[in-house]
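Okay, structure first, notes after.
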Amino acid sequence: MIDIAARIIKNKKPIVIAFILFTIISVVAQFAVSVNYNMIDYLPEDAQSTKALELMEQEFDGAVPNTRVMVNDVSIQEALIMKEELASIDGVSDVTWLDDAIDIKTPIEMADKETVETYYKDDNALFTFSVASGKEVEATDAIYELVGDDGAVSGEALNTATQQKMAVSETMYAAALLVPIIILILVISTNSWIEPVFFLTAIGVSVLINLGTNIFIGEVSFVTQSVAPILQLAVSLDYAIFLLHSFSDYRQKVSDPTEAMRLAMKRSFPAIIASASTTFFGFIALTFMQFEIGSDLGLNLVKGIVLSFISVMVFLPALTLLFYKWIDKTQHKPLLPAFKNIGKRVVKVKVPSLLIVFILLVPAFLAQGQTNFIYGIGDQPESTRAGSDIAKIEEVFGKSTQMVLLVPKGDIAKEEALVRELEDMNPVKSVLAYVNTVGSAIPAEYLDQSVTEQFYSEHYSRIILQTNTEAEGDQAFNFIEEVQEMTKGYYGDEAYSLGEAVTLYDMKNVVQKDNTVVNVLTVVTIAFVLLITFKSITFPIVLLLTIQSAVWINLSIPYFTNSSLVFVGYLIVSTVQLAATVDYAILLTEAYKENRKEMSAMKAIKKTLDEKIFSIAISASILSSVGFILWITSSNPIVASIGLLLGRGALLAFIMVVFFLPACLLVFDRVIDKTTWKANYYKEK
C-alpha cells in the first residue's frame, strides 16, 4: 500500500486530469443508455409467460391488450368511429370493442346482457387494445388528446408512460433535496467548509463514471436508473470520510501534507477495504436473482462500489493534495458539542436492550414472511389523473383483467368444450373465441382472413378472456391456476397463457425462490468477510445478529400496520440494508477490539461509544436521508418502497449498533476472547 500511495501522490496531476476526462466521457455516454420500464422483460426465459409471449409474437400480428379507454356519452355508431380513430394512432393495435364480441347489426337488446355490458354500458364505451413497447408516451398522449378530459385511460402502457415521464424529473428533484442535506450533514461532521465538496466530488465522479459505463451493458431497468446512483453515493461516502479524517489527523502530527496523505492512505485502507468488501459481496448476491431487475441493480451497485473504492483510493488523494490549502483556508470551529459520557449512559441500559431485542426477534422474523405482498407496480394514487381514471372506469364497468390463451389449432370440438367451461367460470365476464363469435359450424377456410386472423394463426387458436378480478392477489392467482389446469386437461403442455395477471403470477413464483437464494448468499458472503476481517468465529455471529435483527424488524412493520409491500422492494432491501449498514457494526467493533487490548470490557465499550457514535450517526443519517427522500419524491411504488424501507432500516440499524451490539460485546466478552485468533485482550491483574 505504501508503494501504491507513493506512486499516486507522485502522479497526482495526471490522475486528476484522467479522472476528469473519464467523467466527461461518461456524462456524454450515459445519454446513449436506454431505460427499460417493462417488467416482463426481466422474467427468466423459461418462465411460462415469457414463452407464451414469444410464441404469440411468432404466430399472431397482434399483442396482448395492455390499455383500456372509456368514452362517455356515445352512441354505438359514435363508438365505432372512435374505435377507428383509436386504431389509427401510431403504436396502437388490436382495438377490441362490442362489435368483436357480437353482431351489432342485430338489436343489442337481444344479445347476452353480460357480454354487452363488458363493452357498452349506460352510453359509456370501453375499448381495449395494445400499445407497442417503446411507444407508450407518444401513444398515451395522443389517446388523451382524442378522448379529452371526460375520457378515462388505464392499463400497463399508461403506467409505463407515467413512469417514463416522471423518472427524470423525480431523479432531479431527489438530487436537489438530497445534495444540500448531505452537504449540511458533512459540514456539521467536519471542521472545514470546503471538505464536504471533496467527499462529494470523489464519490460523484465515481457515480457518473458508473452511469456512463452502463453503455457497455446497453440497457438498465427503471429501478436501477432511479435507485443505483443515489444508493451508491450513500453507501460509499464513508470511504471518503475515512480517508480525509485520517488525513486531518496526520496533518496535526506531520508537517508535510504529502507524508500525511501517505500515512492516511496506509491507515484507512483496512477500514475502507473491509467496508467495501461487505457491501460488494452483499450486492453480488443480488446478481444471482432469476428475476433480472435484481441482478441488473446488483451488477450496477457492484460496479459502483468498485469505482467508488478506486476513486477514493486514487482520485481523492491526488485531488486533496492539489487543493489541500483550500481546506486549510476554510477551517471552522466544531458546530456540534463533543459527545461525552454517551457510553456510560448506553451501558446502563444494556440489559433492557438485550431483553427488548430478544423479545421482538421471533415475532419480527415470523411477521416479515407473512406480509401482504404486491408483485407489480401497484395502484396509482387517486390524486393523479391515472389514478382517477382507473376509479372512473371501475365505477362503470367494474374491475377487469384480460387473459389470453393459446391452444393448438385444429380440434373445433375440443376448443368449443373449453370455451363453454371458461364461460361458466365465476370471474369470467366474457370470452372471445372463433367458436363462440364466428361459430363452430362455419369452417375458417371459407371466411376472409380479416375475420379469422385475430383468432387463428398457422398453428394456434387464440382465446381472449375478460375477467372481473384484480391484476394480482389470491383471487387472480387462484383463477390463473384453475384456467391453466383446465387447459392442461384438454391440451397438456401445448397450451399457453399470458396477460398482465399471468406475468405477475410468474413473477411471484420467481421472486419467492429468489428470496431464499439471495438472503442465504448475502449472509454467507458477509459472514465470510467478517470472519477474515476479525479472525474470529464469534464476532461475525454477533455483528450479523445485530444487523439482521434490524432487517427483520424493518420488514415486519408492514405486517403489523396491515399495509401491502412491493415484493421487489422487500427482496432488494433485505439484501441492501444488511450489506450497507453492517459497516456501522464493523466501525464500532474494530475500535472496541483495539481498545479492549488496553483496558477492561466495560471501559473499552464506553470509550468506543464516545469516540465512534458521531461517525456512525453521520453515516446512518446520510443513508436514512437518501431512503426517505426516494420515498417522498418517487411516484413509482417499487422505488418508493425501496426508499421507505432503506430510510427506516438505516435508523433501526443505527439503534441496534448503538444499544444492542455493545450489550452483546459485554455479555459475550469471554467467549469472544476465546474464539478470536490473537485477541490479546487486556487482563486485569
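The values are calculated or read from the model by the stated rules, or taken from the named source; none is laboratory data. This structure is a prediction, so every number in the text was calculated from the model and none was measured. Note that each Cβ is placed from the backbone with ideal geometry, even for glycine, and that neighbours are counted across all protein chains shown.
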Any residue that is surrounded by 24 or more Cβ atoms within 10 Å (Cβ to Cβ) and farther than 13 Å from residue 572 by Cβ - is there at least one of those in region 249-259?
no
From 170, 117, which residue is surrounded by fewer than 22 Cβ atoms within 10 Å (Cβ to Cβ), modelled with pLDDT under 80, out of contact with any Asp or Glu (no Cβ under 8 Å at 6 or more places or on another chain) and outside any strand (DSSP E or B)?
170
Considering only residues of region 305-343 that are among the hydroxyl-bearing types (Ser, Thr, Tyr) and surrounded by 15 or more Cβ atoms within 10 Å (Cβ to Cβ), which is modelled with the lowest pLDDT?
324
In region 651-676, anything of a type in the set (A, V, I, L, M) and under 15 Å from residue 588 (Cβ atoms) is listed as 653, 655, 656, 657, 658, 661, 663, 665, 666, 672
Considering each of 416, 382 in turn, give the residue that is modelled with pLDDT of 85 or more and either of a type in the set (Asp, Glu) or part of a helix (DSSP H, G or I) (or both).
416
With criteria (1) closer than 21 Å to residue 504 by Cβ; (2) at pLDDT below 90; (3) in a helix (DSSP H, G or I), residue 426 comes up short on (3)
Residue among 47, 79 that alone is touching a residue at least 40 places away in the same chain (Cβ under 8 Å) and touching an Asp or Glu at 6+ places or on another chain (Cβ under 8 Å):
47
In the set 205, 153, 179, the lone residue that is assigned to a strand (DSSP E or B) and among the β-branched types (Val, Ile, Thr) is 153
Would you mind listing the helices (runs of 4 or more DSSP H) fully within region 449-561 where at least 1 residues are over 21 Å from residue 294 (Cα atoms) and under 28 Å from the mean Cα position of the chain (by Cα)?
474-491, 500-534, 538-560
Would you please list the contacts, defined by Cβ atoms under 6 Å and residues six or more apart or on different chains, that run from a residue in region 382-405 that is farther than 21 Å from residue 427 by Cα to a residue that is in a loop (DSSP other than H, G, I, E, B)?
386/380; 387/380; 387/381; 388/382
Taking region 649-677, which residues are β-branched (Val, Ile, Thr), farther than 15 Å from residue 552 by Cα and assigned to a helix (DSSP H, G or I)?
658, 667, 671, 672
Test each condition in (1) more than 26 Å from residue 31 (Cα to Cα); (2) modelled with pLDDT of 85 or more; (3) surrounded by fewer than 18 Cβ atoms within 10 Å (Cβ to Cβ) for residue 188 and report the one that comes out false.
(2)
For the condition surrounded by fewer than 19 Cβ atoms within 10 Å (Cβ to Cβ), assigned to a helix (DSSP H, G or I), without any contact (Cβ under 8 Å) to a residue 40 or more places away in the chain and not aromatic (Phe, Trp, Tyr), what is the one hit in 607, 603?
603
Give the residue, chosen from 41, 61, that is under 23 Å from the mean Cα position of the chain (by Cα) and either modelled with pLDDT under 85 or crowded, with 17+ Cβ neighbours inside 10 Å (or both).
41
Considering residues of region 399-409 that are part of a loop (DSSP other than H, G, I, E, B) and touching a strand residue (DSSP E or B) at 6+ places or on another chain (Cβ under 8 Å) only, the residue surrounded by the most Cβ atoms within 10 Å (Cβ to Cβ)
400
Does residue 78 satisfy the condition of being surrounded by fewer than 21 Cβ atoms within 10 Å (Cβ to Cβ), closer than 26 Å to residue 134 by Cα and either β-branched (Val, Ile, Thr) or modelled with pLDDT of 90 or more (or both)?
no
Can you tell me which of 534, 528, 455, 479 is of a type in the set (Phe, Trp, Tyr), under 30 Å from residue 677 (Cβ atoms) and either at pLDDT below 85 or in contact with a Ser or Thr (Cβ under 9 Å, 6 or more places away or on another chain) (or both)?
534
